[in-house]
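*Asks:* One structure, pasted below without further comment.
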Amino acid sequence: MQARGIAHQITDRPDRKNIADNIGIHNRRQDKGDKEAVQTRRLSRDMLDSAPEIELFNNYNKAGKHNSPINAAQPAHVEPPPTPDAAAPNAVNDSYAAPTISKETGGAAEVSGNEPMSEIDRLVQALKDNEEYSRMVNSERAKTGHGISHRSLSNIKEWQDLGLEILKNMSKDDYELLQKMLWSRIADAHTRNPKVQNFEVRNTLILRDNYKDYDLIAIWENMGFYSEASPGWSTVNGNMAGQLNDTLNSFLNLKSRVEGLSETERVFLPQRAYWEDRLGPNATFGNVMSSVADHVNAQFEEARRALPATDRFTISFNNDFTFRVRGGTGDNAEFLQGIFNNSGGWLLTRVINSIFMHRGEGGAIPSWILTNDFNDPWRELAENHGLGYIQVSEEFLESLKSLSAAHSRKITEEWLQKQYGFGLDDLIFKNGALSGRTDEITKALNNDQWLKSQRDEIIRVMNLPRENDITNISIVFENGEFSILY
């Protein structure tokens, strides 16, 4: 199921190198609240970029070695790992069938004024006090989850020191899983691109016979200060440290989805923390709607209106994407309806976002975001980590399809009208050709590079149903919090 449109695609310019691949900001929207992105299309593999590494490792034998004969053209210890499409996630070795993420990873504990700070707490504070780190985490891009790369942070000494302490404090299970992930990443790099093997992979990425041969502490200690443009990336130390850096990022990405991060890890990788709040195990509908709840409660307070804890409101859409509110006592429903319909685009964005992308109790996965891809990362989360799926009715799923189609048409129509002055009804798709009802529109479709790049998406939205009943989704507001009826 998808609910996306041209407006979403054009304004977020997806970057597949970070977790925000398919989640962007509507930076051309009229209301500044629209900085919160509409996350309604399916999430790509990059949203859980640790999945391929675990999958690759699970197809090796129990000793942590490759199974098939080596390729003579490669170093003696290198084996071509199975490709993600050929690998069956369920056909894994007994001992590694379901890699686990331990809850024992070190975190910054509460320290009283009379107790000395632990080394990890001291490093957390030192990183927070670092001017460059503070500038990065307080930037506008950082506030949307896009601006803080783990590789950018690696040039900060306090960050490197904290990363080392995190590795030293890892549980045995976590440390071993990280070794497996690093080993699998390097094995994959040795085999997937023959053009690279002659230099970077073969000479600066060392593939050990066994994942346990990687001393993660030593690799991290040799990281040094580097950037992608630095000659350090041509050295064994620089490249190995870079691979471990990427792998630790992937590991914490997975951990943020399975059980959540410690406070130390949230400071260490603030970008992971941002997306954990929106996609992690505690991102229930009520939690991701907390900004709306805060706004509603503040509006009642400001108006000096009583909002009894026993008041229960049911909120639903009208087909024009305005809201209808029923329930409560007195005229509270009418007042709440006014809040929803007069708060600007940010509130609608947040509601749509929350409906499509939220987790269930215990971290259950929303089944409607799954794809038919055998290696869908959210399917792997649900099944390999025992998180299961949110249980919903068929009626709810049908309502989501209608909401998806209606919202895709809405945001695409609005964006086309704002940027080009024409809409979906001004376009014609016939015999495989997309044209406009006027020569000017056809010229824009043929000459505007971005419109040309979005041709398939425009056609997809044009083919969606024009009439969609979106009135059957019910949101509940009670005792200051939101929930959704399935």
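Only the coordinates and a few stated rules stand behind these numbers; no lab work does. This is a predicted model, so every value here is computed, not measured. Ideal geometry is used to build each Cβ from the backbone, glycine not excepted, and the neighbour counts take in all protein chains shown.
*Asks:* In square nanometres, what is one fourth of the surface area of the convex hull spanned by the alpha carbons of region 282-330?
*Replies:* On the way: hull surface 17.9 nm².
Dividing the Cα hull surface by four gives the mean projection, 4.5 nm².
*Asks:* Can you list residues whose amide H is under 5 Å from Phe323's amide H, if they're 5+ apart or on another chain and H is modeled 1.01 Å from N?
*Replies:* Residues meeting the amide H criterion: Asn318.
*Asks:* Still on this structure, I have one more. Just to be sure I understand the model, the point goes 7 Å from the Cα along the line to the Cβ. What's the resulting Asp373 to Asn472 distance in nm?
*Replies:* 2.9
*Asks:* Starting at the first residue of region 237-244, write each ³J(HN,Hα) from the Karplus equation 6.51 cos²θ - 1.76 cosθ + 1.60 with θ = phi - 60°, in whole Hz, x for Gly and Pro.
*Replies:* 3J(HN,Hα) across region 237-244, in whole Hz: 4, x, 6, 5, 5, x, 5, 5.
*Asks:* At 0.692 mPa s and 37 °C, plugging the Kirkwood radius over alpha-carbon pairs of region 324-460 into Stokes-Einstein gives what diffusion coefficient in µm²/s?
*Replies:* Numbers: Rh = 18.7 Å.
Answer, rounded: 176 µm²/s.
*Asks:* Work out from phi, with θ = phi - 60° and the Karplus expression 6.51 cos²θ - 1.76 cosθ + 1.60, the ³J(HN,Hα) of each residue of region 301-312, listed in order in whole Hz, and give x for Gly and Pro.
*Replies:* Once rounded to whole Hz, the list reads 5, 4, 7, 6, 10, 6, 10, x, 4, 7, 5, 10.
*Asks:* Against the 2.2 N^0.38 Å scaling, with N counting residues, where does region 369-413 land? I'd like the Cα-based Rg ratio to two decimal places.
*Replies:* Numbers: Rg = 13.8 Å, N = 45, 2.2 N^0.38 = 9.3 Å.
Against the compact-globule rule of thumb, the ratio is 1.47.
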